[in-house]
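Encoded as structure tokens, the structure appears first; notes follow it.
Read-outs throughout are calculated quantities, based only on the coordinates presented, and are distinct from any laboratory measurement. Please read these numbers as outputs of a predicted model, since none were measured by experiment. Cβ atoms come from the backbone with ideal geometry, glycine included; neighbour counts cover every protein chain shown.
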Amino acid sequence: MTSALSAKHLHDEAAAYRWVEARVWPNGRVCPHCGVVDDSGALKGKSTRIGVYKCYSCRKPFTVKVGTIFESSHVKLHIWLQAMHIMASSKKGFSSNQFARVLGVDLKTAWFMSHRIRLAMAPSGSLPPLGGEGKVVEVDETYHGKVEHPAEFRKDTGAALKAPRRGRHRGPANKRPIVTLVERGGSARTFHVAEANVATVAKIVRDNVDRKSKLHTDASSLYLTVGKEFAEHGRVEHSMGEYVRYEGGAAIHNNSAEAYFSVFKRGMKGVYQHCKEKHLHRYLAEFDFRHNTRVGLGVDDTTRADKLLAGVVGKRLTYQTTDRPA
Ligand SMILES: [Zn+2]
């Protein structure tokens, strides 16, 4: 068996460009300035950088990095690909300190790269609902880390944009609430919310789960009302020592959601240690990405790398909170 790390695009800059170009431009080279397809040529000459093209239409030069998370970064593309490979394949994450040592970049650069990779891991646009007829979607909430301030949350879903203000929290005092939806044998979608209350949780469930699904939760009263809108609402009574219940031959539990939280918490405690509240949603996107591209779903390393690379496009401009080139 060949080491996954021996792939040429992880070591050779020209190969890295070819590899990224083939995936970002599957239907012809697109000029990021004017949008024209396949009307450009490679700039040749001793002083020319790898991967620079000139658009014959608008006359401007460009590389495949323009308009992606790699834009305006001085880090070599093959180093970026190494970082992405490591991040995508490390189940509990990979810290900026580890990246700095392994990749030979400074800590600030490593931190910036990590956040940009998380951005590539985050879904873009609206996603189809989880579940469906005959499928089970587990919902669960947990708390992680201390609440900071000030707060800013999305009006529609209640999901966090920035750290919340003090004094508006329920649940365990001063802890950050997280809600996850896990389709059994499928994908997870996880949210950092201002408060894990009935309205916020119901909105997230309604917006993300197909009504024909069976909803499985613990006995929390958070899910009572929204649960009625689904094909079935199965609840397990953890406080009574009940973790799986069988009804009509079907198992009712939320073990998949708990397993998700278990990996997340081990990663946050063992690898990341410190995470500002305003960045928490980015870490959740990272753990969601790995959960949703895991081997158990039949996703191999190449497909996972391709999925991650598909996420690098169009993210550059939306990335404002840490907007400093690495
Ligand atoms: Zn152009």
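Overview of results
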read-out: E232-V52 FRET efficiency (beta carbon distance; Förster radius 56 Å; 0.05 resolution); value: 0.45
read-out: Cβ-based net charge around A100, under 10 Å, with every Lys or Arg adding one and every Asp or Glu removing one; value: +1
read-out: Reachable lysines, given that their alpha-carbon falls under 29 Å from the alpha-carbon of K60 and they are not under 8 places away in the same chain; value: K44, K46, K76, K315
read-out: Exceeding the 32 Å Cα-Cα cut-off - candidates K276/K307; K135/K276; K65/K269; K54/K91; value: K135/K276; K65/K269; K54/K91
read-out: Within the chain, helix-based [θ] at 222 nm, where runs of 4 or more DSSP H residues each add -39,500 (n - 2.57), nearest 500; value: -9000 deg cm²/dmol
read-out: Residue-count net charge about E13 - beta-carbon cut-off 14 Å; Lys, Arg +1, Asp, Glu -1; value: +3
read-out: Pairwise Cα inverse-distance average, inverted: Kirkwood Rh of the chain (Å); value: 21.5 Å
read-out: Whole-number percent relative contact order across the chain, with pairs defined as alpha carbons under 8 Å at least 6 apart; value: 21 percent
read-out: DSSP H segments from the chain that extend 24 Å or more along their own axis, Cα-based, with Kyte-Doolittle mean of 1.6 or above; value: none
read-out: Share of alpha-carbon pairs per 5 Å distance bin for segment 189-257, given as whole %; value: 3, 16, 26, 27, 18, 8, 1, 0
read-out: Partnerless Cys - the chain, beta-carbon criterion under 4.7 Å; value: C275
read-out: Computed E for S220/T302 - FRET, C-beta separation, R0 30 angstrom, nearest 0.05; value: 0.15
read-out: Within segment 2-71, trypsin sites (Lys or Arg not before Pro) in DSSP loop having at most 14 other beta-carbon neighbours inside 10 Å; value: K44, K46, R49, R59
read-out: Proxy reagent accessibility, fewest Cβ within 10 Å first, across I178, I252; value: I252, I178
read-out: Shape category assigned to segment 1-84 from the gyration tensor of Cα positions, a/c cut at 1.5; value: prolate
read-out: Efficiency of FRET between S6 and N27 - r from beta-carbon atoms, R0 35 angstrom, step 0.05; value: 0.75
